[in-house]
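Enquirer: Below you'll find the structure I mean.
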Amino acid sequence: ASLPDWRDKRVLVTAGPTREPLDPVRFFTNRSSGKMGYAIAEAASRTGAEVVLISGPTSLAPPPGVRRISVVRAEEMLKAVLEELPRADIIIKAAAVADYRPVTVSDRKMKKRDETIEIRMERTPDIALEVGKRKGNRFLVGFAAETDHVEENAREKLRRKGMDLIVANDVTAEGAGFEVDTNIAAVYDQKGLVARWPRMSKERMAERLIALIGERLNDR
Ligand code: C5P
């Protein structure tokens with residue numbers, strides 16, 4: 001897959017997990033390492049595009065030439081994305097945004113006392129959905145990490161969130177999904193299946209995704 005020339009383009013990538021605090025020492029998060037999103041930012045940068053990477057907490061270094069904005073909570077990621085959105089031509093949402101957060105965040109460490117406790121959780125904002133509403137002519141790509149009914153769920157998300165492409169992966173498959181260096185995916189657009197990508201490095205998959213978006217933009 002050859003990379004497009006995007007010297008006139010601005011790309012916004014989200015990556016990593018978000019962290020939703022419970023108190024000053026505890027939080028809820030997920031297994032996202034940020035590898036897929038960082039690989040995408042790196043490949044996008046090699047096209048000559050101006051790349052901004054909005055990242056949750058990860059141990060990864062930002063790729064050379066990429067401007068990174070570090071965030072922690074879903075709410076902060078939404079704010080950063082909406083701020084950068086007007087300047088972006090292509091948005092790739094590879095972040096594993098937490099779906100729920102504790103309703104109340106204690107400013108003191110919660111003491112160990114009761115045998116069982118209950119923590120009330122509420123929905124976080126759906127960033128991709130908010131972007132979808134404001135996307136205009138921008139090209140929007142999402143990810144779907146699923147364990148069941150991968151195709152059905154991915155296509156429903158694509159429709160609901162107004163995405164142009166969605167990259168679906170079965171996170172239960174070996175060599176795909178969280179914490180590993182490889183991925184296996186199927187890509188869908190509004191009409192259906194676009195590509196099936198067998199197990200390959202996240203770097204290579206990132207290149208194929210950028211090449212595919214390049215082709216789609218040319219066909220417009
Ligand atoms: O619904 P689900 O979280 O599985 O959708 C996945 C896609 O939506 C990903 O592209 C992810 O980055 C994005 N998303 C988001 N904000 C959320 C949840 C998911 O932008 N709160």
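Each reported figure results from applying straightforward, stated rules to the coordinates on display, with no laboratory input. Here the structure is a predicted model, which is why all the values come from computation and not from measurement. Cβ sites come from the backbone with ideal geometry, for glycine too, and all protein chains shown count toward neighbours.
Enquirer: Hey, what angle do you get for helix 150-160 against the long axis of the chain, alpha-carbon based, 0 to 90 degrees rounded to 10?
Expert: 90
Enquirer: So if I take the centroid of the Cα atoms in region 76-112 and the same for region 13-55, what is the distance between those two points in Å?
Expert: 11
Enquirer: Sorting check: for 134-142, 94-102, 69-77, which peptide has the highest mean count of neighbouring beta carbons within 10 Å, and how do the rest follow?
Expert: 94-102, 69-77, 134-142
Enquirer: Could I ask something else about it? With an 8 Å cut-off on Cα pairs and a minimum separation of 6 or more residues, tell me the relative contact order of region 6-137 in percent.
Expert: 32 percent.
Enquirer: For each pair in Lys9/Lys157; Lys112/Lys157; Lys9/Lys161, compute the distance between the two Cα atoms and list the pairs where it is over 30 Å.
Expert: As for pairs spanning more than 30 Å Cα to Cα, those are Lys112/Lys157.
Enquirer: Follow-up. Explain nothing, just the number: relative contact order of the chain, from Cα pairs under 8 Å at least 6 residues apart, as a whole percent.
Expert: Details: 478 pairs, mean separation 46.2, N = 220.
Once normalised by length, the contact order is 21 percent.
Enquirer: Another one. Defining a contact as two alpha carbons under 8 Å apart and six or more residues distant in sequence, what relative contact order in percent does region 89-137 show?
Expert: 47
Enquirer: For a protection proxy built on the mean count of beta-carbon atoms within 10 angstrom, sort 114-127, 54-67, 35-48 highest first, please.
Expert: Top of the packing list down: 35-48, 54-67, 114-127.
Enquirer: For the chain, set up a Gaussian network in which alpha carbons nearer than 10 Å are linked by springs, and say which option among Glu20, Glu203, Glu83 fluctuates the most.
Expert: The residue that fluctuates most here is Glu83.
Enquirer: Return the calculated 222 nm mean residue ellipticity for the chain, to the nearest 500 deg cm²/dmol, obtained by summing -39500 (n - 2.57) across DSSP H runs with n ≥ 4 and dividing by the residue count.
Expert: -8500 deg cm²/dmol
Enquirer: Between the helical axis of 35-46 and the dominant principal axis of the chain, each derived from Cα atoms, what acute angle in degrees is found, rounded to the nearest 10?
Expert: Its long axis makes an angle of about 40 degrees.
Enquirer: Right, here's the next one. In terms of Cα to Cα distance under 16 Å, which lysines are near enough to Lys202, apart from those fewer than 8 places away along the same chain?
Expert: Leaving aside lysines fewer than 8 places away in the same chain, those within reach of Lys202 are Lys35, Lys93.
Enquirer: What list of ³J(HN,Hα) values in whole Hz, one per residue of region 128-133 in order, does the Karplus curve 6.51 cos²θ - 1.76 cosθ + 1.60 (θ = phi - 60°) give from phi, with Gly and Pro shown as x?
Expert: Once θ is set to phi - 60°, the couplings for region 128-133 become 4, 4, 5, 5, x, 5 Hz.
Enquirer: Apply the Kirkwood formula to the chain: the hydrodynamic radius equals the inverse of the mean of 1/r over all pairs of different alpha-carbon atoms; give it in Å with one decimal.
Expert: Mean inverse Cα-Cα distance, inverted, gives 17.9 Å.
Enquirer: Related question: Using a ≥ b ≥ c from the Cα gyration tensor of region 91-166 (square roots of the eigenvalues), is it rounded, prolate or oblate, where a/c under 1.5 gives rounded and otherwise the larger of a/b and b/c decides, a/b for prolate?
Expert: Here region 91-166 falls in the prolate category.
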